[in-house]
Amino acid sequence: MPENTTYIETENDYKQNSTVVVEMVHLKKSFGNNHVLRDITLVITKGENLAILGQSGTGKSVLIKCIVGLVEIDEGKLFILGKDISELKNKELIEIQKKIGFLFQSGALYDSMTVRENLEFPLRKQLRSIPKEKLDSLIKEALNNVGLYAAIDKSPSELSGGMRKRLGLARTLILKPEIMLYDEPTTGLDPITSKEISHLILEVQRKYNTTSIIITHDIECTRLTANRIIVIKDGVCAAEGTYNDLKKSADPWIRSFFE
Amino acid sequence: MEEVNLEQSQNQHHAEVIIPEVFSEPISESVFDKFFLEVSSITTFTLRFIKEVIKPPYEFNEVMKQSYLIGYKSFPLVAITGFIIGLVLTIQTRPTLAKFGAESWLPAMVAVSIIREIGPVITALIFAGKVGSGIGAELASMNVSEQIDAMQVSDINPFKYLVVTRVLSATLMLPLLVIFADAVGLLGSFVGVNIKGNVSTYLFFSQIFQTLEFNDLLPAFIKTIFFGFAIGLISSYKGYNSNKGTEGVGKAANTAVVFASLVVFIIDMVAVQITSLLQN
């Protein structure tokens, strides 16, 4: 992929004819006396790449864990694909969760399994009677998408940091999610690998038309991938806009993220 | 005025900080609170296990895999310890029996000791040390590295896949390991008897089987099922609910062994009481 290629479109493109995929209304979450999310109201539309910035410990990861159902919200409303998750029965909630992919910060690979088994495992659990040929072709496609087919029989401990992230991404994509959540996808990687991962995020969005929410501290990743950025401070959205808008923000604290 | 209020508030905050916690809350209360919270949490975990073990789909392949790892891989360790216990017990018991001229009772006495008590308890303790710590550490490290969360977001029930399979395997494999340990223990005893004497294999084992009764075998076998269940459940509980961070992994492995070993003794005590009540 040429280095300067970008799929970023303007914010207005998304606002026109857009479908709301995730909507949060006055969302609140506390852990004991620690009020992590104080009041988050946010709308994310189909095909959008939203980056969330903020200092460590401001609840960015908690926010996406609320979306995927790993953390329960205390107050407020959360709509995913038009459905209020607090009103869904367990079975309906599972159906919604199937449409969400999550790339963990650590990759969260299953250490006791090979690369192939890491992909096979969730697929077999979701599609119990999948024929072997179909399974093999899906695994091959997923690994080719992230450039890891050569490592199919390796174990996760033999992979580099970047490869682990790519494998984590392949494992998520194999389930064909509509919404992708990335928890610090480039953390701990060198600048070149970070750029590769950022391009991969864009490629995934283009190829599968996913909606992505990217938690990151990496400004280069934000610049390359995000259509829109929000900045979280003290549990609320402190700023929202495109990369260029926020870079020129009047607030020096917001600007400091981009320096 | 505002400054005064701020100062007061800071003083109050400061005062709250410097009061030692031990004075603000009786120690006994916090210990009891922790104890009952832990009991309630384990009870909930056990009830969830019962619910998940009944509900399909069943993870037969994973149960088989875990049984191989938990059971088959423990055979050498159990064999060595069983043999040594049988041998040592025989050598240690001989002088006492010789004093009363009851040396000929040696095989029978050692066999009853091994089968009723020493075999099940020692094997369970070794099992708690090897398998309990392994399960605790494995699940805790999966928790730390977000593998359990990853299963959950991939629509895989981590409790059913990780906990139910391990508890079932531990429950199934410990009784088999105890039977094996008992057999090897008797073999060790046979070697021990023949160090200072000359007893044929036929005589040794026929004396054992003449002495042993159904009442010796059944309660001992049944209690090993409970030992296996308790070890599997406690170590899974400790690993699955571990704190995040590497410290949590070590702590989970350690507490799994300590707690499971303690519960083995408690179950043994209860089993002995029940057995003696039923026999009376």
| said: Against the condition part of a helix (DSSP H, G or I), hydrophobic (A, V, I, L, M, F, W, C), within 14 Å of chain A (Cβ to nearest Cβ) and under 19 Å from the mean Cα position of the chain (by Cα), how does B:Leu77 come out, does it pass? | reply: no
| When you scan the range A:30-88, how many residues do you find that are among the hydroxyl-bearing types (Ser, Thr, Tyr) and either in contact with a helix residue (DSSP H, G or I) (Cβ under 6 Å, 6 or more places away or on another chain) or farther than 23 Å from A:Thr186 by Cβ (or both)? | 4
| query | Just one of A:Gly161, A:Gly168 is small (Gly, Ala, Ser) and either within 27 Å of A:Asp136 (Cβ to Cβ) or without any contact (Cβ under 8 Å) to a residue 24 or more places away in the chain (or both); which is it? | reply | A:Gly168
| query | Considering only the range A:195-227, how many residues are surrounded by fewer than 21 Cβ atoms within 10 Å (Cβ to Cβ), on the phi < 0 side of the Ramachandran plot and either outside any loop (DSSP other than H, G, I, E, B) or among the polar types (S, T, N, Q) (or both)? | reply | 12
| message | Just checking, does the range B:164-178 include any residue being within 14 Å of chain A (Cβ to nearest Cβ) and either in a helix (DSSP H, G or I) or farther than 30 Å from B:Asn243 by Cβ (or both)? | response | yes
| query | Taking the range B:194-243 only, how many residues are over 20 Å from B:Ala181 (Cα atoms), among the β-branched types (Val, Ile, Thr) and surrounded by 19 or more Cβ atoms within 10 Å (Cβ to Cβ)? | reply | 1
| message | As an exercise: evaluate A:Ile94 against (1) over 29 Å from B:Ala140 (Cβ atoms); (2) of a type outside the set (Asp, Glu); (3) in contact with an Asp or Glu (Cβ under 8 Å, 6 or more places away or on another chain) and give the number of the one condition it does not meet. | response | (1)
| Between residues in the range B:30-42 that are polar (S, T, N, Q) and residues that are modelled with pLDDT of 90 or more, which pairs lie under 9 Å by C-beta distance while being six or more apart or on different chains? | B:Ser41/B:Tyr237; B:Ser41/B:Asn241
| field | Residue, surrounded by the most Cβ atoms within 10 Å (Cβ to Cβ), within the range A:138-169, restricted to residues that are of a type in the set (Gly, Ala, Ser) and under 25 Å from B:Glu59 (Cα atoms) | value | A:Gly168
| task | Please tell me if A:Thr216 is touching an Asp or Glu at 6+ places or on another chain (Cβ under 7 Å) and within 21 Å of A:Gly54 (Cα to Cα). | result | yes
| query | Hey, among the residues in the range B:138-161 that are away from chain A (no Cβ under 11 Å) and crowded, with 22+ Cβ neighbours inside 10 Å, which one's nearest to B:Phe49 (Cα to Cα)? | reply | B:Leu139
| remark: Pairing a residue in the range A:209-229 that is closer than 15 Å to A:Leu42 by Cα with any residue that is basic (Lys, Arg) and in a loop (DSSP other than H, G, I, E, B), where Cβ atoms lie under 9 Å and the two sit 6 or more apart in sequence or on different chains, gives A:Thr211/A:Lys46
| query | Residues in the range B:28-44: is at least one surrounded by fewer than 10 Cβ atoms within 10 Å (Cβ to Cβ) and either charged (D, E, K, R) or at pLDDT below 90 (or both)? | reply | yes
| message | Quick check on the range A:32-47. Is at least one of its residues within 14 Å of another protein chain (Cβ to nearest Cβ), under 14 Å from the mean Cα position of the chain (by Cα), crowded, with 16+ Cβ neighbours inside 10 Å and not hydroxyl-bearing (Ser, Thr, Tyr)? | response | no
| request: Just name the residue that is farthest from A:Ile215 (Cα to Cα) out of those in the range A:90-133 that are buried (at least 16 other Cβ atoms within 10 Å of the Cβ) and small (Gly, Ala, Ser). | output: A:Ala108
| query | Got at least one residue in the range A:229-245 being crowded, with 16+ Cβ neighbours inside 10 Å, at negative phi, part of a helix (DSSP H, G or I) and within 17 Å of the chain's Cα centre (by Cα)? | reply | no
| note | Of A:Ile139, A:Ile192, the only residue that is over 15 Å from the mean Cα position of the chain (by Cα) and under 26 Å from A:Gly54 (Cα atoms) is A:Ile192
| task | Name every residue in the range B:99-124 that is assigned to a helix (DSSP H, G or I) and among the aliphatic types (A, V, I, L, M), in order of residue number. | result | B:Leu106, B:Ala108, B:Met109, B:Val110, B:Ala111, B:Val112, B:Ile114, B:Ile115, B:Ile118, B:Val121, B:Ile122, B:Ala124
| request: Kindly indicate the residue of the range A:170-182 that is charged (D, E, K, R) and surrounded by fewer than 22 Cβ atoms within 10 Å (Cβ to Cβ) and also nearest to the other protein chains (Cβ to nearest Cβ) among those meeting that condition. | output: A:Lys176
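The values are calculated or read from the model by the stated rules, or taken from the named source; none is laboratory data. Since this is a predicted model, take the numbers as computed values, not measurements. Virtual Cβ from ideal backbone geometry, glycine too; neighbours counted across all protein chains shown.
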